[in-house]
Amino acid sequence: MKIIKSFKVLKKEINFNDNIGFVPTMGSLHNGHLSLIDIAKKKSKKIIVSIFVNPSQFNDKKDFNNYPRNLKKDILILKRLKIDFLFLPNQKEVYKKNISKKLIITKNDKILCAKYRKGHFEGVLAVVKRLLVNIPSKYMFLGEKDFQQIYLIKKYLKKNFSTKIISCKTVRNKNQLPLSSRNSLLNNSSLKKSEKISKLLLQFKKKIISNFKNINLLNDYKNKISYLCDKIEYLEIRNKNNLSTKITRKNFKLLIAYKIDKIRLIDNI
Ligand code: PAF
């Protein structure tokens, strides 16, 4: 595995006419990332994984500072997986002068996490744009756990790049909690409560599928979940294709963001 630290070296080392699969991450790799890499390996000839904890997508400096970082362990994992390239850009290069830091998202898209984490997706779009300009891979692999992230990346960036975005299924632990680097910050009791929250969401989803009128149970579920966490930011039922509130039994998704022990978690089912 070659470790590359600058866009310049990246351009020299990688032939982007090859079938290259790109997995962007913020590190602290878990089985969710490994499943992205697994899917990437099946579709691509060579794999590049990037690790960059992107400051501009954190609206809270404390959250940025506390974000788990495990570079040594990540490198060992990626070597074991025989990844071709690991890209570790530095902040200066990613945010060089003359590169606009933020893309503006429209008022209609300021829903869910975009409403509660001001500036978050502008930061995500800025870094993904910068990465894609320099990593014109055939595919980019993203996890569906960050459902709104994929939706906005497709909406705002897809038309400017030839890279195909591949959405990959969320990986959950045996108690249904979606894997996330932030889970490592949970203590045992918060972990159990978060698992219960994901199980409640699954139960709610099944109820809606069996009878669409059960969408009216939304407030009951909010109540149940509020006992398990510090604060629910949102629990909403939205159209999975365009995130509008026009839903049917076939096209809906439950999306949640909540805080537990000061840690912010999201899920969608
Ligand atoms: O999903 C993530 O890990 C990040 O938001 C991403 C896409 C790597 C951009 O920093």
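List of remarks:
- Value of Rg to Rh for the range 1-96, rounded to two decimals, is 0.97; Kirkwood radius and Rg both from alpha-carbon coordinates.
- Between the residues S167, F85, L179, the greatest Cα displacement towards the positive end of the dipole of the chain, with unit charges on the Cβ of Lys, Arg, Asp and Glu, is found for S167.
- DSSP beta bridges in the chain [antiparallel fraction, %, rounded to 5]: 45 percent
- Amide N of the range 25-54 lying under 20 Å from the label point, which is placed 7 angstrom from the Cα of N17 along Cα→Cβ: 44-48
- Per residue value of the accessible surface for the range 108-265 (all protein chains in place, 1.4 Å probe), Å²: 50 Å²
- The amide H of Y234, built 1.01 Å from its N in the peptide plane, has A257 as neighbours under 5 Å, considering only residues 5 or more places off or on other chains.
- Charge context of L186, other residues only, Cβ under 13 angstrom, K/R +1, D/E -1: +4
- Stretching K73 away from K246 to a fully extended chain increases their span by 57.9 nm, per 0.36 nm per residue minus the current alpha-carbon distance.
- Neighbourhood net charge (14 Å Cβ-Cβ; Lys/Arg +1, Asp/Glu -1) for N223: +3
- For I83, net neighbour charge (Lys/Arg +1, Asp/Glu -1) across residues whose Cβ lies under 13 Å away: +4
- Residues considered: K73, K240, K62. Largest GNM mean-square fluctuation over the chain, using C-alpha springs under 10 Å, is found at K62.
- Of I215, I83, I51, the one that fluctuates the most in a GNM where the chain has Cα springs shorter than 10 Å: I215
- Applying the Karplus relation 6.51 cos²θ - 1.76 cosθ + 1.60 with θ = phi - 60° to the range 252-261 yields 3J(HN,Hα) values of 8, 9, 8, 10, 9, 9, 8, 10, 9, 6 Hz, where x marks Gly and Pro.
- Entry for the range 41-192 at q = 0.10, 0.16 Å⁻¹: log10 I(q)/I(0) = -0.40, -1.11, Debye formula applied to identical alpha-carbon scatterers, no solvent contribution.
- DSSP-defined beta bridges in the range 124-269 - what % are antiparallel, rounded to 5: 75 percent
- Its alpha carbons give the chain an Rg and a Dmax of 18.9, 58 Å.
- Expressed as a whole percent, the accessible surface of the chain that belongs to carbon and sulfur atoms is 50, based on a 1.4 Å probe.
- Each stretch of four or more DSSP H residues adds -39500 (n - 2.57); spread over every residue of the chain, this sum gives -11500 deg cm²/dmol at 222 nm.
- Cα-based convex hull volume of the range 156-237 per residue, rounded to whole Å³: 155 Å³
- Annotation: extensible slack from V133 through K110 equals 5.7 nm (criterion: 0.36 nm per residue apart, minus Cα-Cα distance).
The values are calculated or read from the model by the stated rules, or taken from the named source; none is laboratory data. Since this is a predicted model, take the numbers as computed values, not measurements. Every residue, glycine as well, gets a Cβ built from its backbone with ideal geometry; the counts of neighbours run over all protein chains shown. When the accessible area is computed, the model is the full protein with side chains, heavy atoms only, and any ligands, DNA or RNA have been set aside. Shrake-Rupley method; radii C 1.70, N 1.55, O 1.52, S 1.80 Å.
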